[in-house]
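Supplied in C-alpha cells, the structure appears directly below.
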Amino acid sequence: MERRRSSHHAVPAIPWALNTKPDSNDAHDAPPAQPRERRASLGSALGSAPAALSDALEQWQTMDAARGRLHEARLEATFDDDESEEAELEQPFTPQDLERASTARSSLCPPKKGGEGPHHDPYLVTWESTHSEHENPRTWTYRHKMCVLAMYAVFSGIGPWASSMASPAARLIQRDLHFASDTESQLIIAIFVLALVFGPLASAPISETIGRRKIVLFCNPVFIVFNIGCAVANTPAQMIVLRYFAGVFSGAMIPMGGGCITDMFEPHQRGMAMSMYSAVPVLGPCIGPVVAGWIVQGWGEDRWRWIFWTWTMVAGLVQIVGFLFVRETYAPVLLRRKAAKLRKETQDARYHSMFEKVVETWQAKAERILLRPVIFLATELVVLLPAIYQSIMYGCFYLLIASLPRVFEGIYQYNVGVASLHNLALGVGMIVFGQVEGFMIDFVFKKMCEKHGDSRPEYKLPMLMVTVFLTPCALLLFGWTAYYREPWIAPDIGLCMMGTAIIATILQVQMYMADLMGIYASSAISANLALRSLFGFAFTMISEPLFDRLDVNWGVSLLALITAVFGLPSPFLLYKYGPMLRQRSKYCVKN
C-alpha cells in the first residue's frame, strides 16, 4: 500500500544575509561601502528575513506533517491483521514520499494501493506472531481496560490533588515560614501549577521510548521525596523550590492516562473513557483543600505540615498498588519486548518489530513533542481559539479555589474545616454533570452526523455553544451572593455551575482537538495543557491583588466579562469558519 512517509532530512539552513562575511581578498580590493549603501543592504537583509523564516517554517511543517503521518501509520498498523501492511511501512523513506506529502491535504492515511504484492517478512514480530490474544491492549476485556485506566487516572491525579492542598494552610505557612507578603505566599500554589507546564512536555517523548508504566512508577517516588521536603521546609525559598520540583514530577504523570486511552480504546470508544478519566485529575484540586482544611482544624494550626505527610502516605500507597496492577499499554514498547523475548528464546537475532528497524531520532522526537505544540498555537487558529478559552476557564478555576478561604472564612466567618467543604460544590458540578456532558456530546455528535450525512470535527461544538453562556452566569452568581452574604447555598450553586462549565469545556475542547487534528491530537492537547497551566499560574498569582482592589463582587464580575468576551463567540466562529481553516492547514483533518 502507499503511505505518506516522513523525512528525517534536516531543514536547509536559513540564508541569513546579516551573518554572511565577504571573502578576505575581495574585502581588501573593494572600496569601502558608503553609509547609504550599508543602510540599503541592511534594510534589504531585514526585509528578506521574514520571508526566509516563513519559507523555513513552511518546509519544516511539510516534513513534520509527513513524519507524523508515518509515525501514526506504523502505530495503527500494529492493530491491523494485515502483515504486509506492516512490512511495507519498514521500507526506506524516499524523496518522492516527501513530495507526495507536501501536496497532501489530509492528515488521514491513504487507502491501500492495489496491484502490489505483500512484502512478507517472516521475522517481523506482530501481535499474531505467538498467537497470544492477551498481548494486544485493544483486545483486553472492557473491565480489564477500565481497571488499568483507573490506575493511570489515580497516578495522573496525584499532581492536581497536591497542587491545591496547601490552599487552606497558606496563611499558616506564611506565618510560620515568614513569607514577606500575601502575594508571595500564593507562590505555594502557583509555582506548583506552573511546574505542570514542563513535566508533561518532558515525559511525553520519554514514554515513547520506555513506556507509560515506567514513567508513573519512577516519577511518583520522586514526587514523594520532594513532597517530604515540603513537609520539613523551614524557609520560603525551600518551600517554593521543593513545591516546583514536586509539581514537575507529578505533572509528568498526567499525559500517561490520556495516552493509555489511545492505546486501549478504539476511536469510537474514547469519548466515554475520556469523560471518566478526566474526572480524577480535574476533581483533585477540589478534594485536596477539603482534606487539608480538616487536618488544620482537627489537629491544630501548628500541624499544617501533616498536609504534606498525609498526601505522601497516599502517594506511597498508590505506588504499592501500582507495582501490582499497572500494566504497560504502549504498543511499540510491548512489541519491542516481544521481539527481544523471541530473540532470546530462539537465539535468532533476525526477529524484530517495525519500531526497531525504523527508529525516530531523538532530534525528530524532540521537535515533534516540544516544537509542534508551539507551532500549533502560533499558526493554527482552530487550535488557538479553544486553547485560549480553555486556559481562561482553567485560570478561573484556580483563582476560585484560591479565593474560597477569603470568602467563607473572611465573609461568612466559618472555621477552616467548614470553609474547605465548599470546594465540594465545584466537585459536584464536575462529577455529576461531567458524566452527563460526556453522554450528551456523543449523542449530539451522532445526531448531527445522521442529519448531515457526514462527520466533521465541528459537530463536537454545539454543546460548547450552550456551556459558554453558563460560565459568566455562574461567576456572577457566586461573586455577588458571596459579597452580600446570602445563604451559603447561593454561592455554592454558582460554584456547582462553574464546575459544570469547567469540566464541559475541558471535555469538549479535548474531543474537538482529537477529531480536528487526527493523528496530531496529542500535540494539540499538549499545547492546551501547557497554555492552561500558564494561565492557572498567572490567575493564582493575581487573586490576592485582584480581590484586594475590587473585592469579590467586582473581581469576579471582571472574570465573567473576560470569559464572555473570549468564550461566547469562539464556538460559533469555529463552527462557521472551521472547515475553511482546516482546508488551509497542513495538519488538520480535511475529511
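Any read-out appearing in this document is the output of simple, stated calculations on the displayed coordinates, not a laboratory observation. None of the values given here were measured: they were computed from a predicted structure. Positions of Cβ are backbone-derived with ideal geometry, glycine not excepted, and every protein chain shown enters the neighbour counts.
Using 1/(1 + (r/R0)^6) with R0 = 56 angstrom and r between the beta carbons of Ile493 and Trp309, what's the FRET efficiency to the nearest 0.05? Could you put the intermediate results ahead of the total?
Values: r = 35 Å, r/R0 = 0.62.
Step by step, r from the Cβ atoms, then E = 0.95.
Any idea what the relative contact order of the range 427-559 is, in percent, if you count C-alpha pairs under 8 Å spaced at least 6 apart? Intermediate results must be reported in sequence, preceding the final value.
Values: 117 pairs, mean separation 41.1, N = 133.
Relative contact order for the range 427-559 comes out at 31 percent.
So how far apart, in nm, are the two label points at Phe323 and Gln363 if each is 7 Å from Cα heading toward Cβ?
Modelled inter-label distance: 4.1 nm.
How much length would be gained if the chain were fully extended between His134 and Met272, taking 0.36 nm per residue of separation minus their Cα-Cα distance, in nm to one decimal? Walk me through the intermediate numbers first.
Numbers: separation 138, 0.36 × 138 = 49.68 nm, distance 2.31 nm.
Difference between extended and current length: 47.4 nm.
Asp442 versus Leu573, label points 7 Å from Cα toward the beta carbon: distance in nm?
3.2
Considering only the other residues whose Cβ falls under 10 Å of the Cβ of Leu507, what net charge follows from Lys and Arg at +1 and Asp and Glu at -1?
On the way: positive: Lys460; negative: Glu437.
The answer is 0.
Looking at the range 420-520, which trypsin sites (Lys or Arg not before Pro) are in a loop (DSSP not H, G, I, E or B) and have at most 14 other Cβ atoms within 10 Å?
On the way: sites: Lys446, Lys447, Lys451, Lys460, Arg485; in loops: Arg485.
Sites meeting the loop and neighbour criteria: Arg485.
Dipole of the range 366-591, Cα-centred, from +1 at each Lys and Arg C-beta and -1 at each Asp and Glu C-beta, to the nearest 20 debye?
Working: 16 positive and 14 negative charges, 169 e Å.
Here the range 366-591 has a charge dipole of around 820 debye.
Right, something else. Assuming R0 = 45 Å, can you tell me the calculated FRET efficiency for the pair Asn234 and Lys451, based on Cβ-Cβ distance, to the nearest 0.05? The partial results should precede the final answer.
Details: r = 64 Å, r/R0 = 1.42.
In this case the efficiency is close to 0.10.
Which of the pairs Lys145/Lys344; Lys446/Lys576; Lys214/Lys341; Lys460/Lys576; Lys447/Lys576; Lys145/Lys447 have their Cα atoms more than 21 Å apart in this structure?
On the way: Lys145/Lys344 29 Å; Lys446/Lys576 19 Å; Lys214/Lys341 19 Å; Lys460/Lys576 13 Å; Lys447/Lys576 18 Å; Lys145/Lys447 28 Å.
Check vs 21 Å cut-off fails for Lys145/Lys344; Lys145/Lys447.
Same structure again: Counting only C-alpha contacts under 8 Å and six or more residues apart, can you give the relative contact order of the range 240-361 as a whole percent?
On the way: 41 pairs, mean separation 20.7, N = 122.
That works out to 17 percent.
State, to one decimal in nm, how far the label point of Tyr123 lies from the label point of Gln59, with both points 7 Å from Cα in the Cβ direction.
It works out to 3.7 nm between the two label points.
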